[in-house]
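Notes to accompany the following structure.
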Amino acid sequence: MIRKPTPLFFEQGPHAVILLHAYSGSSNDMRLLARRLESENYTVLAPIFTGHATGEPADILRDGSPQKWWQDTQAAIQQLRDRGYRQIAIFGLSLGGLFATRALMEDPDLVGGGTIASPVIFKGQTNVPTAFIQMAQATYQQQGIVGTVQTQKLAWLQAHLAAQLTAIQAFADTTATHLERVHQPVFIAQGTADQMIDPRSGQWLAAGYPQDQIDFHEYPNAGHVLTVNSAHHALEEDILAFLHPIFEK
């Protein structure tokens, strides 16, 4: 029996942080960062986007959409407020960064946050379509789904993936054109060896904000999933350093 990921909720101190995962990922993307923040007395919520982490990659395309994931983001913020948290920061990895940015834009009561390897400025190269199909194939293999059945499932994904990626790009483009509506401090992290999105994505996003608003970090030779790869310790320390002054003590 393969255990499916579940949302993470670590209740600690009065300052709360939301961590949004990547496309075709889960809260597991955020576990190391969440535990590090928890150890520093932050309350951490890492939800799971609709359609993700079900064990069936097609659910992402069937049940998920940028509108649903935006609702998931708003629900996470509301969940913390309903529990009495007033000071909340929000970060997102890759896809999650699009929704973290939109949240900062639409919700001025958030104290700050930002993006980790996120294509908010969506240009250059992307390997998301290839990676999605590879992830799906590996998932099916793990479940013992092989042969004709696997071929049919992968063909369905290939036929439906482009429409969702186009919708995600439209959401990103709409967000990118209104960055001036973000007034909180913004953290931007990018690996220079990112193989999923263009490694210049962080620089492009940083250029969209006033210099005194951003805390921009590049991680040399680090790939896409900065929360778990060679850069994760440095990323954790940089996020902690960013958070410390933005929460009222």
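Checking the structure you have, find out if any residue of segment 62-81 is part of a loop (DSSP other than H, G, I, E, B), touching a Ser or Thr at 6+ places or on another chain (Cβ under 6 Å) and buried (at least 23 other Cβ atoms within 10 Å of the Cβ).
The answer is no; no qualifying residue exists.
Of all residues in segment 119-163, which are crowded, with 16+ Cβ neighbours inside 10 Å and of a type in the set (Phe, Trp, Tyr)?
Residues satisfying the conditions are PHE122, PHE132, TYR140.
Do the conditions hold for GLY202, that is, is it within 28 Å of GLN134 (Cβ to Cβ) and assigned to a helix (DSSP H, G or I)?
In short, yes.
Quick one: how many residues across segment 205-232 are outside any strand (DSSP E or B) and either charged (D, E, K, R) or touching a Cys at 6+ places or on another chain (Cβ under 7 Å) (or both)?
Selection size over segment 205-232: 1.
Output the residue which, of all residues in segment 1-28 that are part of a loop (DSSP other than H, G, I, E, B), buried (at least 18 other Cβ atoms within 10 Å of the Cβ) and among the polar types (S, T, N, Q), is modelled with the highest pLDDT.
If we take residues in segment 1-28 being part of a loop (DSSP other than H, G, I, E, B), buried (at least 18 other Cβ atoms within 10 Å of the Cβ) and among the polar types (S, T, N, Q), then SER26 is modelled with the highest pLDDT.
Report yes if LEU37 is within 15 Å of the chain's Cα centre (by Cα), touching a residue at least 40 places away in the same chain (Cβ under 8 Å) and buried (at least 23 other Cβ atoms within 10 Å of the Cβ), otherwise no.
Judged against the criteria, LEU37 is not a match.
With the checklist (1) under 22 Å from ILE88 (Cα atoms); (2) touching a residue at least 40 places away in the same chain (Cβ under 8 Å); (3) crowded, with 18+ Cβ neighbours inside 10 Å in hand, flag the one item HIS217 doesn't pass.
(2)
Is there a residue in segment 46-57 that is of a type in the set (Ser, Thr, Tyr), free of Cβ contacts under 8 Å to residues at least 40 places away in the same chain, in a loop (DSSP other than H, G, I, E, B) and in contact with a Gly (Cβ under 8 Å, 6 or more places away or on another chain)?
yes
Of the conditions (1) surrounded by fewer than 20 Cβ atoms within 10 Å (Cβ to Cβ); (2) within 18 Å of the chain's Cα centre (by Cα); (3) aromatic (Phe, Trp, Tyr), TYR85 fails just one. Which one is it?
Single failed check for TYR85: (2).
Against the conditions (1) out of contact with any helix residue (DSSP H, G or I) (no Cβ under 7 Å at 6 or more places or on another chain); (2) without any contact (Cβ under 8 Å) to a residue 24 or more places away in the chain; (3) over 21 Å from ARG31 (Cβ atoms), where does LEU154 fall short? Just the number, please.
(1)
Of the conditions (1) part of a helix (DSSP H, G or I); (2) touching a residue at least 60 places away in the same chain (Cβ under 8 Å); (3) more than 17 Å from the chain's Cα centre (by Cα), LEU235 satisfies every one except a single condition; which number is it?
The single condition LEU235 does not satisfy is (3).
Considering every residue within segment 95-118, establish whether at least one is buried (at least 17 other Cβ atoms within 10 Å of the Cβ), touching a His at 6+ places or on another chain (Cβ under 6 Å) and in a loop (DSSP other than H, G, I, E, B).
yes
The values are calculated or read from the model by the stated rules, or taken from the named source; none is laboratory data. Fair warning: this is a prediction, and the values are worked out from it, not measured in the lab. In this analysis, Cβ positions are derived from the backbone assuming ideal geometry, glycine residues included, and neighbour counts consider all displayed protein chains.
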